[in-house]
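Only the coordinates and a few stated rules stand behind these numbers; no lab work does. Remember, it's a predicted structure, so these values are computed and weren't measured experimentally. Every residue, glycine among them, receives a Cβ derived from its backbone with ideal geometry; neighbour counts consider all protein chains shown.
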Amino acid sequence: MLRIGNGYDVHRLVQGRKLVLGGVDIPHSTGLDGHSDADALSHALCDAILGACGAGDIGHYFPDTDPQWKNVSSMVLLKKVGQVCAQRRFRIANADSIIVAQKPKLAPFMEQMRKNVAAALDIDVDRVNVKATTTERLGFAGREEGIAAYAVVLLETIDS
C-alpha cells in the first residue's frame, strides 16, 4: 500500500535568532522565530510524514507549550517522527520539498540539507529532494518577513 502526505510550515524572520533549515546553520542577518529552532523545512517534512501515516500533526507530538521542546533541534523532531512512521509499519519511499525564501541564496546548502534529512529519517539520501525558490519579491517571503516550506512524502507499507 502507498500513502501520500503533504506538509507546510512558515516562520517569521527576526533578529537575534540563527537561521536553520534542514538542520543546517545558514549565515544570515536574521533567523526564524519559533519554540524549537523553527526549522520550517523539517517541520513541513514532519507534517507530511505524519499526515501520510494518519498520525495527526507536529503540534500533537511537540506542542509549543511543552518546555522540553524549547530551542530543540528540529532534526530531533524529524527523527522521532520517522520512528512513529516505522512503528506504524511504513517506510519513506521518497520525500520532496521546497523552501520559499527571497534571501539568502540556499543552493550552497541543499546537499547538506538532503544528507541531514536522510540521516534523521534513516533513509538513503537519494530518497530526499530539497529545492528552493523565491517569490519574485511578492508576499511575506518576498518582503523577507518569513520563510515557508512545503513537503510531500510517499510512504509504502513494510511487509511483516
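Any idea how many residues of the stretch 37-84 are of a type in the set (Ser, Thr, Tyr) and more than 19 Å from residue 128 (Cβ to Cβ)? Give the steps one after another, and end with the answer.
If we filter the stretch 37-84 for residues that are of a type in the set (Ser, Thr, Tyr), which is where we start, we get 42, 61, 65, 73-74.
Checking which are more than 19 Å from residue 128 (Cβ to Cβ) leaves us with 61, 65.
Result for the stretch 37-84: 2.
Pick from the stretch 102-122 the residues that are part of a loop (DSSP other than H, G, I, E, B) and of a type in the set (Lys, Arg): which of them is farthest from residue 135 (Cα to Cα)? Lay out the reasoning, then the answer.
Of the residues in the stretch 102-122, the ones part of a loop (DSSP other than H, G, I, E, B) are 102-106, 122.
Add one more test, that the residue is of a type in the set (Lys, Arg), and what stays is 103, 105.
Details: 103: 10, 105: 13 Å.
Of everything passing the filter in the stretch 102-122, 105 is farthest from residue 135 (Cα to Cα).
Selection of first residues in the stretch 78-100 that are in contact (Cβ under 8 Å) with a residue 40 or more places away in the chain and small (Gly, Ala, Ser) and of second residues that are in a helix (DSSP H, G or I) and surrounded by fewer than 21 Cβ atoms within 10 Å (Cβ to Cβ), restricted to Cβ pairs under 8 Å at least 6 apart or on distinct chains, gives the following pairs, ordered by first then second residue: 93/127; 95/127.
Note on the stretch 83-99: residues that are under 15 Å from the mean Cα position of the chain (by Cα) and surrounded by fewer than 21 Cβ atoms within 10 Å (Cβ to Cβ) total 3.
Looking only at the stretch 127-142, count every residue that is within 17 Å of the chain's Cα centre (by Cα) and either touching a residue at least 60 places away in the same chain (Cβ under 8 Å) or over 16 Å from residue 155 (Cβ atoms) (or both) and tell me the total.
Going residue by residue through the stretch 127-142, those that are within 17 Å of the chain's Cα centre (by Cα) are 127-133, 141.
Restricting the remaining residues to those that are either touching a residue at least 60 places away in the same chain (Cβ under 8 Å) or over 16 Å from residue 155 (Cβ atoms) (or both) gives 130-133, 141.
The total comes to 5.
What pairs come up if the first residue lies in the stretch 39-53 and is of a type in the set (Gly, Ala, Ser), the second is surrounded by fewer than 24 Cβ atoms within 10 Å (Cβ to Cβ) and assigned to a helix (DSSP H, G or I), and their beta carbons are under 7 Å apart, counting only those six or more places apart or on different chains? Listed by first residue and then by second, the contacts come to 42/75; 42/77. Given the criteria within 21 Å of residue 33 (Cβ to Cβ) and aliphatic (A, V, I, L, M), does residue 58 qualify? Judged against the criteria, residue 58 is a match.
Got a number for residues in the stretch 42-72 being of a type in the set (Gly, Ala, Ser) and surrounded by fewer than 16 Cβ atoms within 10 Å (Cβ to Cβ)?
In the first step, residues of the stretch 42-72 are kept if they are of a type in the set (Gly, Ala, Ser); the result is 42, 44, 48, 51-52, 54-56, 59.
This time we only want the ones that are surrounded by fewer than 16 Cβ atoms within 10 Å (Cβ to Cβ), so: 54, 56, 59.
Residues flagged as of a type in the set (Gly, Ala, Ser) and surrounded by fewer than 16 Cβ atoms within 10 Å (Cβ to Cβ) within the stretch 42-72 amount to 3.
A Cβ distance below 9 Å, combined with a sequence gap of six or more or placement on separate chains, defines the contacts here; from the stretch 146-160, residues that are of a type in the set (D, E, K, R) reach residues that are crowded, with 22+ Cβ neighbours inside 10 Å in the pairs 156/90; 156/92.
Scanning the stretch 108-139 for residues that are aliphatic (A, V, I, L, M) and surrounded by 13 or more Cβ atoms within 10 Å (Cβ to Cβ) turns up 110, 113, 117, 118, 119, 120, 121, 123, 125, 128, 130, 132.
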